[in-house]
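Down below is the structure, laid out as structure tokens.
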Amino acid sequence: MADTTALPESEAHQVLHRVFGYDEFRGRQRDIIETVVAGGDALVLMPTGGGKSLCYQIPALVRSGVGVVISPLIALMQDQVDALTALGVRAGFLNSTQDYEQRREVERAFLAGELDLLYLAPERLRVEATVRLLDQGKISLFAIDEAHCVSQWGHDFRPDYLMLSELHERWPDVPRIALTATATEATHAEIATRLNLSEAKHFVASFDRPNIQYRIAPKDNPQRQLLDLLRTEHAGDAGIVYCLSRNSVEKTAAFLTQNGIEAVPYHAGLDNRTRAKNQARFLREDGLVVVATIAFGMGIDKPDVRFVAHLDLPKSVEGYYQETGRAGRDGLPSTAWLAYGLQDVVQQRKMIDTSEGDLAHRRRLSAHLDAMLALCETVQCRRTQLLAYFGQQGEACDNCDTCLTPPESWDGTIAAQKLLSAVYRLKNERNQKFGAGQVIDILLGKQTEKVTQFRHDQLSVFGIGTELKDAEWRGVIRQLLAQRLLAVEGDYGTLVLTEDSAEVLGRRREVMMRREPERVARSKSSSSGGKKKTVDLPAEAAPTFERLRGWRAGVAKEQGVPAYVIFHDATLRQIATELPTTLAELGRISGVGENKLAKYGDGVLETLAAE
Ligand code: ADP
Ligand code: ZN
């Protein structure tokens, strides 16, 4: 291995060019790759789509021996191996989906030095036979993907990851590179400690994803809102819709299908075969929508996911950022859209109150939720707030809803006092507790059956809040809950005061609130918004692009691999725009390496030539 470090940069660069078909390293890729090629450890924090894979794939190709990649997602290993095979890289995986024969063959190839990369699930390392196998071969590096899984503070903890701290003791000379797309400063520190990476160089890229437009909308009729979004902005696009419960996953998928948008469900209640089939369809077909619980998507490599929609409030900003990060890996404009309402706050606070685990655990969940709520209620740029959560700075982005249509902030102190006072009177004068709906009816002075029944029209607060509409009062309650000036209790979501409510009632505290602007639609200028402009496809190139996509779909089907394994959209776009006429010209397009040129070059040129 020593001689490979003599000219690491040029050799790594050659591999970048020859195998992957790219001209330049991106961001810190070169430094990271140099570190690992030279035998050093690295800890890499880079957003999804930043190009983490190359950071271990290139060193594995440059150093002698096999690069061992630890990844928690066995369902995706086949696709990862297929993608590498298409590039002419020798890769294999070992996991529980294989039968004895398949495993034996991979083990043989590993021992014979016929592999460049070997993917392993972390639990395999608990099996002594695997450890012995690794001992007998030559390992060039360990790559620990999704490294945040080692963190108990984070949102994705996997106990098997704790064992990875032993890699260094067992193989002290093998460099390790840990990578993650999501880590707060706390999680970052925890990864370094738990994985024993004290000597590692840390590479922290900007977490910004400029091509993703972040939008958080007040929840009204979420399925309709979603349908509207998909019809007006994402017709024919692939995307992921996240819901909290299996039931709403099923219902939403059915709703979209009924309305002419092809959608499949994905959740832990489906049998393994259906789940695997739906995931495979999502990866292989163009423009399919998956409606899923959060069980779906970690490590999904599909580069052309155009939107990620949340119909329920995510439990933490880290989780939210990771889920939305699955959109737009290819750098093209994409949408992250979240619908959020009063009921989300009520439900999540209740879930935390009744969750198992000790007080510290519940506090942690509460802190996560508070940060998520702060993001939803901010009047500042969403992106700036997201980056701040990860300890990074950003400027107003021009590509989020608050930048595009700034919400007003208004002094909600009096409204808050009215509302809290209604809750107070119900409790103190009547010894009653009611949910949001009834309290709002009282403030609006509505003579409903329930108001008459409980004689709530006799309360002094009856009808004192007609200056706001029903929806606005819901916003007030939501924001009071978010700021912990109000709380919910019990199964029916009854409203109760908190310790801090008194400060507002006693006029010792002002409450600033966010007023929802009119609906934000993606404007023409915003679709290519963000600091990093992506090239839109020129209109005259569109038919050629579609033809190339058709050709790609055929090849992908024939070979049983996802379309993006053949070529990414970004590569097809460039081909459709530049219209190369020879193999040499085609080879200069980004994403066309030696192997793909040999395999698919003629097919592409023929497709271009055919009119
Ligand atoms: P991550 O694992 O960080 O989410 P990937 O490794 O999947 O990101 O890379 C995202 C996309 O960027 C892929 O399509 C990849 O091929 C492409 N890419 C990575 N590095 C480069 C580069 N230096 N030049 C051009 N494209 C790159
Ligand atoms: Zn912004």
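The values are calculated or read from the model by the stated rules, or taken from the named source; none is laboratory data. Owing to the predicted nature of the structure, the values given are computational and were not obtained by experimental measurement. Every residue, glycine among them, receives a Cβ derived from its backbone with ideal geometry; neighbour counts consider all protein chains shown. Accessible surface areas use protein heavy atoms only, side chains included; no ligands, DNA or RNA. Shrake-Rupley method; radii C 1.70, N 1.55, O 1.52, S 1.80 Å.
Just wondering, is there one or more residues in region 78-88 that are open to solvent by 10 Å² or more (accessible area, probe 1.4 Å), of a type in the set (A, V, I, L, M, F, W, C), in contact (Cβ under 8 Å) with a residue 40 or more places away in the chain and more than 16 Å from ligand 2 (Cβ to nearest atom)?
yes
Which of the residues that make up region 33-73 are farther than 30 Å from Ala280 by Cα and within 11 Å of ligand 1 (Cβ to nearest atom)?
The one that is farther than 30 Å from Ala280 by Cα and within 11 Å of ligand 1 (Cβ to nearest atom): Ile33.
When only residues in region 169-186 that are assigned to a helix (DSSP H, G or I) and without any contact (Cβ under 8 Å) to a residue 40 or more places away in the chain count, which is surrounded by the fewest Cβ atoms within 10 Å (Cβ to Cβ)?
That would be Glu169.
Given the criteria free of Cβ contacts under 8 Å to residues at least 24 places away in the same chain, open to solvent by 70 Å² or more (accessible area, probe 1.4 Å) and over 22 Å from Met513 (Cα atoms), does Thr452 qualify?
Here the answer is yes, as Thr452 does meet what is asked.
Pull out all pairs, ordered by first then second residue, where Cβ-Cβ is under 9 Å, the residues are six or more apart or on different chains, the first lies in region 17-38 and is farther than 21 Å from Phe142 by Cβ and not assigned by TED's automatic domain parsing to the domain that holds Val89, and the second is assigned to a loop (DSSP other than H, G, I, E, B) and near ligand 1 (Cβ under 9 Å from one of its atoms).
Taking only residues 6 or more apart or on different chains, not a single pair turns up.
Quick one: in region 436-449, which of the residues that are in contact with an Asp or Glu (Cβ under 8 Å, 6 or more places away or on another chain) and in contact (Cβ under 8 Å) with a residue 24 or more places away in the chain is surrounded by the most Cβ atoms within 10 Å (Cβ to Cβ)?
Selected residue: Ile440.
Are any of the residues in region 19-31 basic (Lys, Arg), more than 30 Å from Thr193 (Cα to Cα) and surrounded by fewer than 23 Cβ atoms within 10 Å (Cβ to Cβ)?
No, region 19-31 has no match at all.
Does Arg132 count as away from ligand 1 (no atom under 14 Å from the Cβ), open to solvent by 30 Å² or more (accessible area, probe 1.4 Å) and basic (Lys, Arg)?
In short, yes.
Kindly establish whether Val150 is under 23 Å from Met77 (Cα atoms), open to solvent by 20 Å² or more (accessible area, probe 1.4 Å), of a type outside the set (Asp, Glu) and out of contact with any Cys (no Cβ under 7 Å at 6 or more places or on another chain).
no
Quick check: is even one residue across region 351-364 surrounded by 20 or more Cβ atoms within 10 Å (Cβ to Cβ) and under 22 Å from the mean Cα position of the chain (by Cα)?
No, region 351-364 contains no residue that is surrounded by 20 or more Cβ atoms within 10 Å (Cβ to Cβ) and under 22 Å from the mean Cα position of the chain (by Cα).
Quick check on this structure: which one of Ala205, Ala189 is small (Gly, Ala, Ser), free of Cβ contacts under 8 Å to residues at least 12 places away in the same chain and surrounded by fewer than 20 Cβ atoms within 10 Å (Cβ to Cβ)?
Exactly one residue qualifies, and that residue is Ala189.
Hey, could you check region 566-580 for residues that are assigned to a helix (DSSP H, G or I) and more than 15 Å from Gly603 (Cα to Cα) and say which is farthest from ligand 2 (Cβ to nearest atom)?
Ranking the qualifying residues of region 566-580, first place goes to Glu578.
For region 99-115, which positions are assigned to a helix (DSSP H, G or I) and open to solvent by 40 Å² or more (accessible area, probe 1.4 Å)?
Hits for region 99-115 are Tyr100, Glu101, Gln102, Arg103, Arg104, Glu105, Glu107, Arg108, Leu111.
Can you tell me which of Leu342, Leu283, Leu270 is at pLDDT below 95, in contact with a helix residue (DSSP H, G or I) (Cβ under 6 Å, 6 or more places away or on another chain) and not assigned by TED's automatic domain parsing to the domain that holds Pro72?
After applying the criteria, what remains is Leu342.
For Thr402, which of the numbered conditions (1) surrounded by fewer than 18 Cβ atoms within 10 Å (Cβ to Cβ); (2) closer than 18 Å to Met513 by Cα; (3) among the hydroxyl-bearing types (Ser, Thr, Tyr) fails to hold?
Going through (1) surrounded by fewer than 18 Cβ atoms within 10 Å (Cβ to Cβ); (2) closer than 18 Å to Met513 by Cα; (3) among the hydroxyl-bearing types (Ser, Thr, Tyr) one by one, Thr402 breaks only (1).
Looking only at helices (runs of 4 or more DSSP H) that fall completely inside region 222-333, which ones have 1 or more residues that are within 20 Å of Met372 (Cα to Cα) and of a type in the set (Asp, Glu)?
Qualifying helices (runs of 4 or more DSSP H): 317-324.
Listed here are the residues, each with its yes/no results for (1) assigned by TED's automatic domain parsing to the domain that holds Val305; (2) surrounded by fewer than 16 Cβ atoms within 10 Å (Cβ to Cβ); (3) free of Cβ contacts under 8 Å to residues at least 40 places away in the same chain.
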| position | (1), (2), (3) |
| --- | --- |
| Val561 | no, no, no |
| Tyr564 | no, no, no |
| His568 | no, no, no |
| Pro580 | no, no, yes |
| Ala584 | no, yes, yes |
| Ser590 | no, yes, no |
| Gly593 | no, no, no |
| Val604 | no, no, no |
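Yes or no: Ala471 open to solvent by 40 Å² or more (accessible area, probe 1.4 Å), of a type in the set (Gly, Ala, Ser) and within 16 Å of ligand 2 (Cβ to nearest atom)?
no
Please go through region 211-237 and give me each residue that is touching a Gly at 6+ places or on another chain (Cβ under 6 Å) and buried (at least 21 other Cβ atoms within 10 Å of the Cβ), ordered by number.
Passing the criteria: Asn211, Ile212.
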